[in-house]
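Contents: one structure, followed by commentary.
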Amino acid sequence: VARKQGPAAQIPPVENMLLLRHLARIGGRFNAPVLTLGSFDGVHHGHQQILRRLVELARSIDGQAIVLTFYPHPATVLAPEHVPKLITDWRARMELIAAFDVGAIIMQHFTRSFSQITAENFVRRFLVEGLGVRAVVVGHRVSFGHNRAGHATTLRQLGTKYGFAVEVIGPVEVEGHLVSSSAVRRAISHGEL
């Protein structure tokens, strides 16, 4: 459960939400976990479709819906000169995610050393051996692992190799526009609320 310590200490716990930190410390505490991962900035329509499917799939197998997100935003560590202006602050993001009735949010502290883990090692070490995932639900533009080398196709291949299901959501359109955090940021910067 969230405690006031470490780099994410300024993020207060969200009411009635299991908020955990650091994948390496969690171990097999979940029953039939179904996981999604990403920054979820803005929790826009695309994110909402992912979260709805995550919860639906977890319920269908009597599992637990788990959201894995990262703090700080990976760009803060890897490309500080290109850090996007965030749409939502951390607390608002956690509250928006929690509203989908997920079982837990894991907030992984994102460091340069964490960014060096290859896509396959990330999946094997944290998702398979650490959490024992039964399924993973991601957006079509997901990227993970060293140099963002892992994508939806990679995840499907690793799911086959390690024995978990993978569902890819999207692309999602609203009024003919592709939905993404970048698109939302652009619209906000142009005053198109």
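The values are calculated or read from the model by the stated rules, or taken from the named source; none is laboratory data. It should be emphasised that the depicted structure is a prediction, and the values quoted were computed from it without experimental measurement. As a convention, Cβ positions derive from the backbone with ideal geometry for all residues, glycine included, and neighbour counts pool all protein chains shown. We work out accessible area using only protein heavy atoms, side chains counted, and drop any ligands, DNA or RNA first. Shrake-Rupley method; radii C 1.70, N 1.55, O 1.52, S 1.80 Å.
Data table
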quantity: Inter-part distance where the stretch 96-125 and the stretch 36-85 are each reduced to a Cα centre, Å; calculated: 9 Å
quantity: Whole-number D in µm² s⁻¹ for the chain, Kirkwood Cα-pair radius fed into Stokes-Einstein, 10 °C, 1.306 mPa s; calculated: 93 µm²/s
quantity: Computed lengthening from residue 146 to residue 177, 0.36 nm per intervening residue step minus Cα-Cα distance; calculated: 8.1 nm
quantity: Residue-count net charge about residue 52 - beta-carbon cut-off 15 Å; Lys, Arg +1, Asp, Glu -1; calculated: -1
quantity: Loop-located trypsin sites (Lys or Arg not before Pro) in the stretch 67-146 whose Cβ has at most 12 other Cβ within 10 Å (DSSP); calculated: 85
quantity: Percent accessible area from carbon and sulfur atoms, the stretch 105-183, protein chains only, probe 1.4 Å; calculated: 47 percent
quantity: Local electrostatic count at residue 33 - Lys and Arg +1, Asp and Glu -1, tallied over other residues with Cβ under 13 Å; calculated: +1
quantity: DSSP bridge orientation in the chain - percent antiparallel, rounded to nearest 5; calculated: 10 percent
quantity: Residues of the stretch 86-167: accessible area per residue with a 1.4 Å probe, Å²; calculated: 47 Å²
quantity: The stretch 63-129 shape via C-alpha gyration tensor axes, a/c threshold 1.5; calculated: oblate
quantity: Low-density loop positions, chymotrypsin sites (Phe, Trp or Tyr not before Pro), the stretch 91-193 - DSSP coil, at most 11 other Cβ in 10 Å; calculated: none
quantity: Rounded if a/c under 1.5, otherwise prolate or oblate - the stretch 18-71, Cα gyration tensor axes; calculated: oblate
quantity: Largest-first principal axis extents of the Cα set of the stretch 117-191 (Å); calculated: 46, 22, 18
quantity: Relative contact order for the chain, counting Cα pairs under 8 Å that sit 6 or more residues apart, in percent; calculated: 26 percent
